[in-house]
C-alpha cells in the first residue's frame, strides 16, 4: 500500500490539500485530525483485537495509488441500470453523483457531498465525522483524509419519503490498484421516515481499494430502513462502515448482504444517544474461493430504554473465511436496555473457516441482554432425508443452504427487497455449490 | 420385488444385522416385528441407503438390480420409499417446496413432465384429504413444530404423493393415538395395490389390526428367527417376544 506507507502518505496529503483549496476550514481541521491519527497509528497491527482474524498483508502489499482513475462504461449500460431501477434511483460513479443517470423524485433532497459542503454547510458541518462511534480508526481516518465526494441525502422534518432511495455506487477504474474513497451523509429530520438501499458494484474486472463510510443521523422519532449490498468483483478490497447516531425514540433497521470482494469488511456502528432509540442490525455473507468476508458491529447504548437486535449469518465455502465480531456496550445510564445478538455460521467445506466473537460490556444493572454464536455444517441427517425423497445430493445441499440463508431475510422484515436479495443469494449459492467438491 | 440374502450390517464397528434373508414379492405386505435393539430400524435405513450403515456381507436385489450400488436418491427415484420413525426437522425449507421437488424428481424419473406450482397444489390437495392434513402444513418448514402425529402424517402424505413401488414404514404407529393410527392405516390401505409392496416395521401388533399383513417376520438379535402369516402377530401379542426366544 505504497501511498499509505508513511513517507508517501504525508506527500500525498499535501498534494491533495493544494487541490482542495476551496474547502471550508472546519473540513480541513477534520481531515488534518484524521491525517495525524493515521500518521501516529498506521494500519492496525495483527495483535489489534478488532483485526485479529482479518489479515491485511495481501492488501498492504499492493501498490494502490490515490486519486481516482476512470474508465468509461458505455452510456447505454448506465441507462439500463437507471431504467431497471425506476423511481428514486441515484448513480454514483467513481465517487461522483451522475444526475443525468439518476431519477430523483421532486421534493427529495439528494446531491453529491461535494456540492452539499458548498451549498448546505449548515447541514453538513454539524454532522460530518460527528457520529461518535468507537473513536478513531485507521480506515475511517483514511476515508476522512481522502474522500472527495459521495452521496448527501437529507429529509427535512415531518416528511415521509415514500419511494426508497436506491443508490448504486459503481467503480470503473481504468487501471489496476485504483482507490475510491466515498463518504455518504444521510440526515433524517425529526419525525421523518425514509428508506435507503446502497449497492456496491464493479464496472469491470480490475481490482481496487473501495472505501465507503456512510454516516446516518436520525432526529427524534425518525425512522430509516437501510439495505446494503456489496457485490464487487473478486479482486476488490472493500472497507466500509455505516455509522448511525440515533436520537430520542428514533429507529434504524439495517440489512447487509456481502458476497463480493477479495476482502470485504463491513462495520455497522450505532450509537443510541438518547432514550428509547431502537436499532435492528441484520445481515448475511456468502463466501467462496479465497474470500474473507468480515462483519463487525458496535452498538453503544448510552441512555435508557434502548433496544438493539442483531442477527447475522455466514455461509462459507471453498477456502474462504468468515469473521464476525459483535460488540455491545451498555453504559451505566442505560437502564432498561434490551440488547440481543445472534450469529450463525455454516461451513460448506472442510477448508472453510469462521471466527465469531460476541463482546458484551454491560455497566447498567437493569437490562435484558443476550448473545449467541452457533457454527455448524450441513446436517447429514437432513441431507439424507431429502435424498431419500429423490432429491440429488447437490440440490439437497442447496436447499438446506438456501433455507439457512433465507431465515435472516424472514427475520429481518426486508419485504421490499426480498426478491432481489433472494436472487442474489441464489446466484452466489450456485457458485459456492458449483465449486464444491464431494 | 426385493430379495435380501445373508445381509450383515454394521454401524460404528458394531454388527447389528447378522444374516438377514427376506423375499418381498409385488403386492405383498410384510410386517417385521421385534424387541427394541433387534435391528429393525437398521434394516430400514440400510435399505434406504443411510451412509452410516456398512454392508459387510450379503446382498439386496431390488427389481433385479443391486440395491447397494444405487445412491440414495436413485433408490428413491426407482420407487423405494422409507417413512421414518423420527422424521427430522428441516428449518428454512418450506414443506410444499420440498414436496414439489420430490414429486417432480419422481416424475422426471418416470419420464413424465414436471408439475408447475398450480398443478402441484391441485395434485397435493387431493392427497392431503387422504391423510386429513390441512393446507396450513404446506407453508411451514418441513416437520418444524409438527407434533409426533403430524410428522407421521407428513410421511404418509409423501408416500401418497410419491407413489413408491416399495414402501417401508419404520414404526409409523409409535407415538400415535388410536384415531391418528386409524387415519394413517386408512391412508396406507388405500395405497395397497398388486404393483406395490409394503414392509411394515413395528414393535407392537396394534397397527396390524388395521393393516393386514400377508407375512409376519420376527427379528431378534439381528436375525429373522421366525416367519409366519398374520396369526403370528396375534401370537406375539399374546405371548410376547420371550416366547419366541424359548422356541
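The values are calculated or read from the model by the stated rules, or taken from the named source; none is laboratory data. This structure is a prediction, so every number in the text was calculated from the model and none was measured. Note that each Cβ is placed from the backbone with ideal geometry, even for glycine, and that neighbours are counted across all protein chains shown.
Listing for the model above:
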| read-out | value |
| --- | --- |
| Verdict on residue A:409 being modelled with pLDDT of 95 or more, within 14 Å of chain B (Cβ to nearest Cβ) and either over 30 Å from residue B:165 (Cβ atoms) or in contact with a helix residue (DSSP H, G or I) (Cβ under 9 Å, 6 or more places away or on another chain) (or both) | no |
| Check on residue A:372, within 12 Å of chain B (Cβ to nearest Cβ) and either closer than 23 Å to residue A:256 by Cβ or surrounded by fewer than 16 Cβ atoms within 10 Å (Cβ to Cβ) (or both) | no |
| Residues located in the stretch A:272-288, provided they are in a strand (DSSP E or B) and crowded, with 23+ Cβ neighbours inside 10 Å | A:272, A:279, A:281, A:282, A:283, A:284, A:285, A:286, A:287 |
| Condition met for residue B:89 (more than 24 Å from residue B:25 (Cβ to Cβ) and either within 8 Å of chain A (Cβ to nearest Cβ) or in contact (Cβ under 8 Å) with a residue 24 or more places away in the chain (or both)) | yes |
| Selected residue (only one of B:20, B:16 is in contact with a strand residue (DSSP E or B) (Cβ under 7 Å, 6 or more places away or on another chain), in a strand (DSSP E or B), closer than 26 Å to residue B:231 by Cβ and in contact (Cβ under 8 Å) with a residue 60 or more places away in the chain) | B:20 |
| Residue within the stretch B:163-184 that is at pLDDT 90 or above, under 25 Å from residue B:103 (Cα atoms) and in a helix (DSSP H, G or I) present | no |
| Residue identified as over 18 Å from residue B:171 (Cα atoms), over 19 Å from the mean Cα position of the chain (by Cα) and either modelled with pLDDT of 90 or more or surrounded by 14 or more Cβ atoms within 10 Å (Cβ to Cβ) (or both) among B:245, B:235 | B:235 |
| Residues of the stretch B:129-158 satisfying the condition of being within 14 Å of chain A (Cβ to nearest Cβ), closer than 12 Å to residue B:87 by Cβ and either assigned to a strand (DSSP E or B) or touching a strand residue (DSSP E or B) at 6+ places or on another chain (Cβ under 9 Å) (or both) | B:142, B:143, B:144, B:154, B:155, B:156, B:158 |
| The one condition in (1) over 23 Å from residue A:50 (Cβ atoms); (2) more than 14 Å from every other protein chain (Cβ to nearest Cβ); (3) more than 26 Å from the chain's Cα centre (by Cα) that residue A:392 fails to fulfil | (2) |
| Checklist (1) within 14 Å of chain A (Cβ to nearest Cβ); (2) farther than 22 Å from residue B:204 by Cβ; (3) part of a helix (DSSP H, G or I) applied to residue B:121, failing item | (1) |
| Subset of the stretch B:66-85 that is in a loop (DSSP other than H, G, I, E, B) and in contact (Cβ under 8 Å) with a residue 60 or more places away in the chain - its residue that is farthest from the other protein chains (Cβ to nearest Cβ) | B:85 |
| Residue A:420, sole failed condition from (1) assigned to a helix (DSSP H, G or I); (2) at pLDDT 90 or above; (3) out of contact with any strand residue (DSSP E or B) (no Cβ under 6 Å at 6 or more places or on another chain) | (2) |
| Selected residue [in contact with a helix residue (DSSP H, G or I) (Cβ under 9 Å, 6 or more places away or on another chain), away from chain A (no Cβ under 14 Å) and under 27 Å from residue B:174 (Cβ atoms)] from B:52, B:59, B:38 | B:38 |
| Residue under evaluation residue B:95, criteria (1) in contact with a strand residue (DSSP E or B) (Cβ under 6 Å, 6 or more places away or on another chain); (2) facing another protein chain (nearest Cβ under 9 Å); (3) within 26 Å of residue A:422 (Cα to Cα), criterion not met | (2) |
